[in-house]
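Shown next, in structure tokens, is the structure this report addresses.
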Amino acid sequence: MQVAQQIAERLLENVRQVIVGKDQEIRMTLVALLCEGHLLIEDVPGVGKTMLARALATSTGCGFSRVQFTPDMLPSDVTGVSIFNQKTMEFEFRPGPIMDQIVLADEINRATPKTQSALLEAMEERQITVDGVTHNMARPFLVLATQNPIEYEGTFPLPEAQVDRFMMRIHLGYPSRANEIDVLNRQSNHHPIEALGQVVAVDELIAAQRAVREIYVDDLVKSYIVELVSSTRDHPDIYLGASPRGSIALFKATRAWAAIEGRDFVLPDDVKLLAGATLAHRLIVSPSARIKNVSAQQIIEEALRQTPVPGARARLS
């Protein structure tokens, strides 16, 4: 697991040159990258969502595309289109921005549901189908989507099927006063992103992703994950609980977090740490609970308090 830990440390050190004071959020982003998931960043404008995606792409040497979603955008603007070439008398596929390795879907909730659905196949199956022809995505492949939780005018809320495709949801939040002064100092002459360099090769990143899949997860921890997810389905304040895809996301995320921490096994504490980021966005709170200002995050915290934590057990040889 040293390979994954070393790569994560190099990426963290490089990205924090651009994103100041958000080490935990950067680590969460690396978790999604290492277990080949997708990330939804929900926060107000100007806190560094775009810079996080650009810094990550630059640090890994991956191809980077940014899609600024608008209400008039068509699905073909995302996936690409087939154009007839009169010289060769054949159709040629012109790939869209989704065919890159790290894709920033900026303000994804401003696109219509039809355009949003263009991402479903790419995010889940790592392929797109245009005019009946299937095109495989490059690897690694990561979608970082952003949305503003404050301004809802002119937006289209993401349907449950789309939200469920995101492995994790994080919030960057405002920096502390000291960190904001540090940001001003760093950008006094030029933006740090301009001097950022690549610190990890794509082949190294793929090898780290492969190593994460070898992390050991005890059956007791697996049962703990399933019990935790199941409790969200039976909660009286929940209209729709987390699906089995939520269990899989939490399972994969804990393995990536253990690798970042330099361990080859998952602890129940890893499950507790990542439960909110992997499950809260999948829950739909009932209308009566929303009136009482009950949030999905509060329900996750309640489930963590009530679900028995498995005892320690030595790793099987």
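Taking region 108-134 as the region of interest, how many residues are buried (at least 19 other Cβ atoms within 10 Å of the Cβ) and either within 15 Å of the chain's Cα centre (by Cα) or not aliphatic (A, V, I, L, M) (or both)?
8
Is there a residue being under 28 Å from PRO159 (Cβ atoms), at pLDDT below 90 and hydroxyl-bearing (Ser, Thr, Tyr) anywhere in region 44-59?
Checked region 44-59: at least one residue is under 28 Å from PRO159 (Cβ atoms), at pLDDT below 90 and hydroxyl-bearing (Ser, Thr, Tyr).
What is the number of the single condition among (1) in a helix (DSSP H, G or I); (2) in contact with a Ser or Thr (Cβ under 8 Å, 6 or more places away or on another chain); (3) surrounded by fewer than 15 Cβ atoms within 10 Å (Cβ to Cβ) that ILE300 does not meet?
(3)
Output the residues belonging to region 77-118 that are assigned to a strand (DSSP E or B) and not aliphatic (A, V, I, L, M).
Kept after step one, since they are assigned to a strand (DSSP E or B), are these residues of region 77-118: 80-85, 90-95, 102-106.
Passing the criteria: GLY80, SER82, PHE84, ASN85, GLU90, PHE91, GLU92, PHE93, ARG94, PRO95, ASP106.
Could you tell me which numbered condition THR70 fails, if it satisfies all but one of (1) touching a strand residue (DSSP E or B) at 6+ places or on another chain (Cβ under 6 Å); (2) part of a loop (DSSP other than H, G, I, E, B); (3) among the polar types (S, T, N, Q)?
(1)
Looking at (1) touching a residue at least 40 places away in the same chain (Cβ under 8 Å); (2) of a type in the set (A, V, I, L, M, F, W, C); (3) exposed (fewer than 15 other Cβ atoms within 10 Å of the Cβ); (4) assigned to a helix (DSSP H, G or I), can you tell me which one VAL221 breaks?
Failing condition for VAL221: (3).
Which residues, taken from region 39-56, are in contact with a strand residue (DSSP E or B) (Cβ under 8 Å, 6 or more places away or on another chain) and either among the aromatic types (Phe, Trp, Tyr) or surrounded by 23 or more Cβ atoms within 10 Å (Cβ to Cβ) (or both)?
LEU39, LEU40, ILE41, LYS49, LEU52, ALA53, LEU56
Test THR50 against the criterion of being in a helix (DSSP H, G or I), of a type in the set (S, T, N, Q), farther than 18 Å from ARG110 by Cβ and in the same structural domain as ASP106 (by TED's automatic domain parsing), and give yes or no.
No; evaluated as a whole, the condition is false for this residue.
Filter region 160-218 for residues that are over 22 Å from the mean Cα position of the chain (by Cα) and among the charged types (D, E, K, R); which is surrounded by the most Cβ atoms within 10 Å (Cβ to Cβ)?
Looking at the filtered set, the residue picked out is ASP218.
The values are calculated or read from the model by the stated rules, or taken from the named source; none is laboratory data. If you're wondering where the values come from, they're calculated on a predicted model, not measured in any experiment. Cβ coordinates were reconstructed from backbone atoms using ideal geometry, including for glycine residues, and neighbour counts include every protein chain displayed.
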